[in-house]
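All remarks here apply to the structure that follows.
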Amino acid sequence: MMRAGERIVGPLRRHYNRRTRFNHRGISMPHNQGSRSIGRTSGPSVQAYNATAKWLHWLIVLMVLAQFTIAILMPDVGPNTVPGVLLDRHFSLGIVILVVMAVRLVYRWRHPVPLDMADSPAWERWTARAVHLAFYFILLVGPFLGWASASAHKLPVKLFGVIALPDIAAPRARWALTAGDIHTLMMWLLLALIVLHAAAALYHHFSRHDGVLRRMLPARSE
């Protein structure tokens with residue numbers, strides 16, 4: 001027959017076990033049902049981006065992918081290039097990317113979020129910051145270089161064929177022609193960085209099982 005004390009202590013013990021988690025040292029930690037973190041249960045929590053930051057990020061991703069598609073389909077820019085729809089879309093989308101990236105830079109400055117995990121090795125933290133700085137540099141400077149190249153080749157830059165933008169270089173200006181070559185190299189570098197960035201996010205998600213990728217994905221309702 002169960003003793004009277006066991007009838008009281010038993011249910012309390014089971015209730016305590018359900019409400020308690022243990023950390024990596026075996027010390028009991030009370031479970032807080034109201035807390036929300038991204039990542040592994042036993043790992044450090046990761047600060048997620050808010051809705052505006054996510055919206056800006058994925059908007060730029062879509063525009064950059066569209067820009068690469070147009071760049072593949074459009075004719076090469078040279079002395080005999082004739083203005084056309086694809087060139088107009090390429091120039092226009094480049095200006096829009098420039099504006100959105102400037103907005104994102106200001107927003108990130110006002111709403112900073114750590115790029116890396118707290119327990120990441122030093123080389124990984126350095127690489128993450130260098131890649132993000134490269135993204136901002138290329139997507140803010142690259143459009144100006146392409147704009148200068150268009151001006152040097154006497155190609156008008158009109159925002160979706162409606163708003164004419166001024167030339168920023170004289171026809172056949174040597175520096176602007178060189179800027180066009182640098183623009184092309186920077187876009188190839190951008191493509192390589194995008195592949196590296198995506199591979200790193202997938203590595204964190206499937207191998208490290210932390211919240212680096214999930215913090216940029218749309219929040220799921222619980």
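Quick note: the coordinates plus some simple rules give every number you see, no bench work behind them. All figures in this text were calculated on a predicted structure; none of them were measured in a lab. As a convention, Cβ positions derive from the backbone with ideal geometry for all residues, glycine included, and neighbour counts pool all protein chains shown.
Over the Cα atoms of segment 82-147, what radius of gyration and what Dmax do you get, in Å?
For segment 82-147, the Cα radius of gyration and maximum Cα-Cα distance read 15.8, 54 Å.
If one computes P(r) from the Cα atoms of segment 61-191, what percent of pairs lie at distances over 26 Å? Could you put the intermediate results ahead of the total?
Values: 2415 of 8515 pairs.
Everything past 26 Å amounts to 28 percent.
Segment 149-174 to segment 76-103: how many Å between their Cα centroids?
10 Å
Quick one: if the Förster radius is 35 Å, what FRET efficiency do residue 100 and residue 76 give, using the C-beta to C-beta distance and rounding to 0.05?
Numbers: r = 26 Å, r/R0 = 0.75.
After rounding, the FRET efficiency stands at 0.85.
What is segment 67-185's relative contact order, in percent, from Cα pairs under 8 angstrom and six or more apart in sequence? Working shown, then result.
Details: 112 pairs, mean separation 32.3, N = 119.
Here the relative contact order equals 27 percent.
Could you tell me which residue out of 112, 160, 202 lies farthest along the dipole of segment 110-222 toward its positive end? Charges go on the beta carbon: Lys and Arg +1, Asp and Glu -1, centred on the Cα centre.
160
Is segment 110-161 best put as rounded, prolate or oblate by its Cα gyration tensor, with a ≥ b ≥ c the root eigenvalues, rounded for a/c under 1.5, and otherwise prolate when a/b is larger than b/c, oblate when not?
Working: a/c = 6.01, a/b = 2.95, b/c = 2.04.
Here segment 110-161 falls in the prolate category.
Within segment 201-218, whose backbone N sits under 20 Å from a point 7 Å along Cα→Cβ of residue 130?
Backbone N within reach: 201-204.
Averaging over every viewing direction, what projected area does the convex hull of the Cα atoms of segment 118-193 cover, in nm²?
On the way: hull surface 26.4 nm².
Spelled out: convex hull of the Cα atoms, projected over all directions, averaged, 6.6 nm².
Evaluate E = 1/(1 + (r/R0)^6) for residue 174 and residue 68, where r is the Cβ-Cβ distance and R0 equals 30 Å; express this FRET efficiency to the nearest 0.05. Walk me through the intermediate numbers first.
Details: r = 28 Å, r/R0 = 0.92.
Result of the calculation: an efficiency of 0.60.
When a/c reaches 1.5 or more, the comparison of a/b and b/c decides; with that in mind, is segment 73-114 rounded, prolate or oblate per its Cα gyration tensor? Don't jump to the answer; show the numbers that get you there.
Working: a/c = 4.52, a/b = 3.91, b/c = 1.15.
Prolate shape, in that a/c is at least 1.5 and a/b is the bigger ratio.
As an exercise, find the ratio Rg/Rh for segment 161-222 from alpha-carbon atoms, using the Kirkwood inverse-distance average for Rh. Don't skip to the answer; put the middle values down first.
Working: Rg = 20.2 Å, Rh = 15.7 Å.
Computed over Cα atoms, the ratio is 1.29.
Quick one: what Rg and Dmax do you get for segment 44-97 from the alpha carbons, in Å?
16.2, 58
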